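For reference, the structure is listed below as structure tokens.
None of the figures in this text is laboratory data; all of them are computed from the coordinates on show. Just so it is clear, the structure is predicted and the values come from calculations on it, not from any experiment. Positions of Cβ are backbone-derived with ideal geometry, glycine not excepted, and every protein chain shown enters the neighbour counts.
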Amino acid sequence: MLFKPTRLQSWFNAALEAEVNGNWTPQEKALHEARLKAKAKRRVRKSSSRSESLSESLSGELADGDSHSPKGKVPVPNDRKSRTGKGRGLPKKGGAGGKGVWGAAGMVYEVEEPDVKDPNYDEIAQGDTVYATVVPELDERELEKTVNPIVQEYFEHGDTKEVQMLLRELNLGHHKYEFSSLAVSLSLEGKASHRELTSRLLRDLVGKELSESDMARAFDKILKELPDLMLDTPEAPQMLGQFIARAIADHALPLAFLDRYKGKVDCDHARAALDRAAVLLSMKREMVRLDNVWGVGGGLRPVKHLVKEMNLLLKEYLVSGEVKEAERCLRDLEVPHFHHELVYEAVVMVLESKGDTAVKMMCKLLQAFWKIGLITVDQMNRGFQRVYDELPEINLDVPHAHSIMESFTDLCYQESVITKQLRDSCPSRGRKRFVSEGDGGLIKN
């Protein structure tokens with residue numbers, strides 16, 4: 001199949017024939033020279049190494065341009081300077097770059113620590129591995145859940161050193177002062193003995209686990225929360241004042257704690273607490289410590305004092321007949337291990353009383369204490385057994401002690417106060433036979 005040539009192809013063929021024959025027009029010759037120059041320039045830009053002949057031929061052509069242009073300079077082989085014409089003409093990376101180069105001249109490298117993520121890391125070559133336990137810092141919620149059991153257990157054993165050991169194992173962080181505020185808040189809801197133990201704990205913690213500034217921050221927080229604490233403990237302002245006075249006397253709080261609150265308290269309850277502390281400190285100025293601000297704890301009181309208190313309790317009950325008041329007084333003594341003394345004193349009062357009123361009232365009181373669990377089986381048995389053992393001596397002052405004792409134990413057994421075994425162990429007085437001459441051996445009534 002034959003194709004008809006186009007006009008462009010016909011012109012190109014004619015030009016080719018003219019080139020071969022050397023018959024060029026002036027216009028075609030100028031165009032051909034311009035193409036050769038452009039082709040030579042492209043070769044110079046692409047090639048990093050130029051031939052001397054090409055550089056000489058181009059130097060004259062580029063002389064018409066800017067002589068200061070970097071493009072007009074002849075590049076030197078292995079030159080690290082920028083060829084783009086940008087920058088200050090300094091070497092790249094200050095001469096520290098390139099293949100096989102470890103840095104600039106005069107650079108000193110420090111010893112690098114081995115990286116655990118390095119594939120060539122050798123754990124054995126690093127020596128003994130030391131493992132450290134990291135304890136996370138407790139937030140406010142976790143702090144309260146952790147501290148409450150510690151304080152409640154301390155109220156049972158009373159060992160401040162154990163609390164210090166437990167605090168060292170915790171990471172309280174900047175919430176360290178809140179331990180004191182939580183301990184005081186819990187003791188306000190407890191007994192007087194708990195508040196005494198809390199004051200001792202604060203005294204022993206200062207200088208070891210807590211500082212005076214931490215203690216001051218704790219009491220500042222309690223003063224702010226005082227209106228909320230009064231919902232559960234109406235006497236909180238007076239108790240907090242006693243805590244502050246005791247802490248200042250024990251050197252747990254700085255002496256200037258009360259001075260910085262003068263004229264700056266808007267809350268009436270906080271003002272009452274601070275006034276209470278100021279009064280106590282002014283009254284006990286010559287004393288080193290306010291040791292008796294909470295009274296003497298039950299287990300620390302003398303036995304004679306406890307016996308006197310229980311006697312007074314029973315006498316008031318015989319006059320008033322209020323079981324609830326007697327129960328409250330007995331609980332305030334905080335001596336559950338010494339309740340057998342109350343049983344003993346109650347039975348002795350029954351033996352020394354006249355009439356049946358004391359018998360019925362004491363039986364009612366022991367029955368009430370037995371039902372609510374205030375007096376245990378062991379304490380009840382020990383109290384009655386002490387009376388059984390001393391009954392011969394009591395009989396010297398009370399001739400009818402045996403008969404009264406038998407009737408009282410029977411009544412207590414009927415009211416389920418004592419067990420059948422305890423009732424049967426009650427001693428009975430042996431009857432002697434008085435025989436005179438001439439009575440025929442009859443028993444004398």
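Some notes on this structure:
- Relative contact order of segment 303-425, pairs being alpha-carbon contacts under 8 Å that are 6 or more residues apart, as %: 26
- Label point distance in nm, L231-E110, each placed 7 Å from Cα along Cα→Cβ: 5.7
- The smallest convex shape that holds all Cα atoms of segment 140-292, its convex hull, gives 111 Å³ per residue.
- Computed label-point distance, nm, for sites K161 and K145 using a 7 Å Cα→Cβ extension: 3.2
- When you filter the chymotrypsin sites (Phe, Trp or Tyr not before Pro) in segment 96-137 for DSSP loop state and at most 10 other Cβ atoms inside 10 Å of their Cβ, you are left with W102, Y109, Y131.
- Annotation: peptides 344-355, 173-184, ranked by per-residue average of other Cβ atoms within 10 Å with the highest first, follow the order 173-184, 344-355.
- Prolate/oblate/rounded label for segment 144-187 (Cα gyration tensor, a/c 1.5): oblate
- Ranked by the mean number of other Cβ atoms within 10 Å of their residues, highest first, the peptides 329-341, 191-203 fall in the order 191-203, 329-341.
- For E316, the shell of other residues with beta-carbons less than 14 Å away shows a net charge of -2, using +1 for Lys and Arg and -1 for Asp and Glu.
- Packing rank of 376-383, 247-254, 218-225, where each peptide gets the mean count of other beta carbons within 10 Å, highest leading: 247-254, 218-225, 376-383
- Qualifying trypsin sites (Lys or Arg not before Pro) in segment 236-283, DSSP loop, other Cβ atoms within 10 Å at most 12: K262, K264
- Percent RCO, i.e. relative contact order, over segment 140-292, from Cα pairs under 8 Å lying at least 6 residues apart: 21
- Dividing the convex hull volume of the alpha carbon atoms of segment 303-425 by its residue count gives 100 Å³ per residue.
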